[in-house]
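Data block below; observations after.
The values are calculated or read from the model by the stated rules, or taken from the named source; none is laboratory data. Remember, it's a predicted structure, so these values are computed and weren't measured experimentally. When we count neighbours, we look across all protein chains shown, and the Cβ atoms used for this are built from the backbone with ideal geometry, even at glycine.
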Amino acid sequence: MKNDPLTPYGNRPMVTPIVSAVNYQYTSFEVLRQITEGEIDGYTYHRDDNPTVRTVERKIAQLEGAEDCVISTTGMAAATMTFLTFLQKGDHLVTFHDIYGGNYKLSLILEKFGVEITWLDALNYRDVKEHIKENTKMIFCESPSNPLIKVIDIEYLCKQADRVNALLVVDNTFATPYHQKPLAAGADLVIHSATKALGGHNDLMAGAIACSKKEYYDKLWFTRQAIGTTLDAFSASLLERGLKTFEIRAQKMSENAMQIAQFLNKHPKIKKVYYPGLETDIGHKAAIKQMKNGFGGMLAFDVGETENEAKIFVERLNKIIHAVSLGCTETLVCLPVLTTMLYMPLERRTSFGVKPNTVRLSAGIGNIQELLDDLGQALL
Ligand SMILES: Cc1ncc(COP(=O)(O)O)c(C=O)c1O
């Protein structure tokens with residue numbers, strides 16, 4: 001406790017101080033040596049590490065049941081760091097069409113650097129078995145997926161990855177650690193856009209990589225230090241504040257999402273609802289197996305038959321907000337083909353089930369009756 005850089009005041013402050021210092025005065029060459037060689041916890045330069053950031057990393061590691069965690073400036077920075085650290089020219093990556101559109105953009109850059117990529121439909125995730133090769137070094141998935149909330153059996157993917165010693169990386173942004181712990185199911189690394197439910201208030205950007213082994217933490221730390229994607233202390237402090245209410249928000253988002261999914265499922269103007277909490281959903285069985293405390297706050301649905309019908313519905317909403325992002329206190333909707341998937345070629349966007357009239361909804365923590373009433377009036 002005496003050397004804890006966060007307790008310089010005798011008693012420990014209730015809120016982690018925002019250490020805005022970029023660099024630190026060396027107290028002696030001996031202390032510098034001890035820090036550099038990892039004998040003591042200490043700080044020299046913010047790009048390497050920062051005490052406010054480090055506190056948050058330990059909290060996220062605990063939430064995910066991880067050995068340690070590296071946080072970064074954004075969720076995309078976390079994905080970039082993961083690919084840069086664990087893939088190189090000639091390696092093979094297996095992934096799924098149903099992933100955040102930003103990862104699709106990132107895949108174009110990976111290909112430029114000689115990484116070979118196989119894309120599969122998340123609904124047919126068992127096909128992975130036929131696509132694993134000797135040079136497969138990583139399987140990367142989201143479960144539930146963005147935007148069609150498809151569920152992938154993480155234990156199954158883990159078995160396939162183990163056949164060739166590949167890493168299994170799971171983006172747990174949609175599920176959150178309140179509902180799903182991929183590391184316990186055998187994944188090696190868990191990625192988060194902490195901009196979403198972990199932060200939860202639309203006021204910060206951050207990413208996180210929870211690591212099952214210290215060795216992965218060390219490698220990712222090296223990459224972050226090298227490329228400069230360390231989160232600033234102020235955002236780390238906001239993220240820590242978000243984490244204090246994370247579980248209670250995740251619970252409420254999930255309860256609201258379930259009620260919204262049930263309401264929409266019975267509505268004549270809704271052609272299909274995608275939510276693993278519904279017994280009729282194709283991912284329900286796998287979700288029961290690997291998710292707990294409910295099925296998360298994300299769902300999708302097809303409004304009428306055309307993009308125009310979906311647009312009219314969205315524009316009629318009063319309480320529910322038309323915006324991208326997710327996992328925050330407000331309830332948000334967007335049309336994935338016009339937003340998160342915009343960069344993909346049109347035929348690719350729709351080839352794995354997303355339609356021009358598909359709406360993605362992120363349930364917030366608001367009053368459920370007000371949300372149902374808003375949906376009801378917009379569907380009149
Ligand atoms: C599932 C998922 N992963 C990663 C990201 C990227 O996160 P960020 O916007 O924090 O870079 C997003 C963004 O929406 C996402 O939905």
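Looking at 236, 250, can you tell me which residue is hydrophobic (A, V, I, L, M, F, W, C), buried (at least 17 other Cβ atoms within 10 Å of the Cβ), in contact with a Gly (Cβ under 9 Å, 6 or more places away or on another chain) and modelled with pLDDT of 95 or more?
It is 250.
Sort through 123, 157 and tell me the only one that's more than 19 Å from the chain's Cα centre (by Cα) and within 30 Å of residue 257 (Cβ to Cβ).
The match here is 123.
Among the residues of the range 197-215, write down those that are touching a residue at least 40 places away in the same chain (Cβ under 8 Å), surrounded by fewer than 23 Cβ atoms within 10 Å (Cβ to Cβ) and out of contact with any Cys (no Cβ under 7 Å at 6 or more places or on another chain). Walk me through it before giving the result.
The first filter runs over the range 197-215 and keeps only residues touching a residue at least 40 places away in the same chain (Cβ under 8 Å), leaving 197-202, 205-214.
After this cut, where a residue has to be surrounded by fewer than 23 Cβ atoms within 10 Å (Cβ to Cβ) as well, the list is 201-202, 205, 212-214.
Matches in the range 197-215: 205, 212, 213, 214.
Take the range 97-134 and flag every residue that is without any contact (Cβ under 8 Å) to a residue 40 or more places away in the chain, within 16 Å of the ligand (Cβ to nearest atom) and of a type in the set (Gly, Ala, Ser).
Scanning the range 97-134 gives a single hit, 107.
Just the residues that are within 16 Å of the ligand (Cβ to nearest atom) and farther than 17 Å from residue 82 by Cβ, please, taken from the range 147-173.
147, 148, 149, 150, 151, 152 - these are the residues of the range 147-173 that are within 16 Å of the ligand (Cβ to nearest atom) and farther than 17 Å from residue 82 by Cβ.
With respect to residue 304, determine if the residue is touching a residue at least 24 places away in the same chain (Cβ under 8 Å) and exposed (fewer than 14 other Cβ atoms within 10 Å of the Cβ). Show your work before the answer.
Details: touching a residue at least 24 places away in the same chain (Cβ under 8 Å): yes; exposed (fewer than 14 other Cβ atoms within 10 Å of the Cβ): no.
So residue 304 does not fit the description; no.
Give all pairs with beta carbons closer than 6 Å in which a residue from the range 240-259 that is farther than 14 Å from residue 175 by Cβ meets a residue that is of a type in the set (D, E, K, R) and modelled with pLDDT of 95 or more; count only pairs at least 6 apart in sequence or on separate chains.
Listed pairs, sorted by first residue: 243/59.
Which of the residues belonging to the range 122-145 are outside any strand (DSSP E or B) and buried (at least 16 other Cβ atoms within 10 Å of the Cβ)?
122, 123, 125, 128, 132, 143, 144, 145
Only one residue in 308, 293, 367 is over 26 Å from residue 102 (Cβ atoms) and under 22 Å from the mean Cα position of the chain (by Cα), so which one is that? Write out each step before concluding.
On the way: 308 fails: under 22 Å from the mean Cα position of the chain (by Cα); 367 fails: under 22 Å from the mean Cα position of the chain (by Cα).
Result of the check over 308, 293, 367: 293.
For the range 264-380, list the helices (runs of 4 or more DSSP H) that sit wholly inside it and hold at least 2 residues that are within 16 Å of the ligand (Cβ to nearest atom), touching a strand residue (DSSP E or B) at 6+ places or on another chain (Cβ under 6 Å) and at pLDDT 95 or above; which are they?
No helices (runs of 4 or more DSSP H) qualify here.
Please work out which residue is nearest to residue 195 (Cα to Cα), limiting yourself to the range 217-252 and to residues that are in a helix (DSSP H, G or I) and hydroxyl-bearing (Ser, Thr, Tyr).
So, considering only residues that are in a helix (DSSP H, G or I) and hydroxyl-bearing (Ser, Thr, Tyr), the one nearest to residue 195 (Cα to Cα) is 235.
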